[in-house]
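Written out below as structure tokens is the structure these notes cover.
Read-outs throughout are calculated quantities, based only on the coordinates presented, and are distinct from any laboratory measurement. No experiment lies behind these values; they were computed from the predicted model shown. All Cβ positions, even for glycine, are placed from backbone atoms using ideal geometry, and neighbour counts span all protein chains on display.
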Amino acid sequence: MILKQRKYNCLVATGNELVLSWDQYGDVTARQIVPSKTKELKMQWERLQGLAKFRAAKLNNILDTITQLEKSIFEIRARLTQTEVQLGGPLIFEAFIKEAFDHKMQEHK
């Protein structure tokens, strides 16, 4: 973008120099075309800069979203690992009666 900025500055400076030098002598048509083309160049450059800023902001937003998603994925994996460890352990009942089974179901909920 810096090289483009230099080219832009050079074009604007050259256009201004041409307008100043044609004031003394030169073609009337060229005197009218150069300022309009310089103005058009300035408008396109401003538009380009605006688009570049918009894209940079959008990329930063995407990077922030990716960071948040990676954090969420890490937390979900940690929870899944913890649940897997709990489910991998043996299920021990105090007695073979319905109340013991119901008690374990309540603990699970």
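Karplus-derived 3J(HN,Hα) values for region 70-80, using 6.51 cos²θ - 1.76 cosθ + 1.60 with θ = phi - 60°, are 5, 5, 5, 4, 4, 5, 5, 4, 5, 5, 5 Hz; glycine and proline are entered as x.
Both radii come from the Cα set of region 2-81: Rg as radius of gyration, Rh as Kirkwood radius; their ratio Rg/Rh reads 1.47. The lysines whose alpha-carbon is closer than 30 Å to the alpha-carbon of Lys71, local same-chain residues fewer than 8 away aside, are Lys53, Lys58, Lys109. With a Förster radius of 22 Å applied to the beta-carbon distance between Gln106 and Arg79, the computed FRET efficiency rounds to 0.55.
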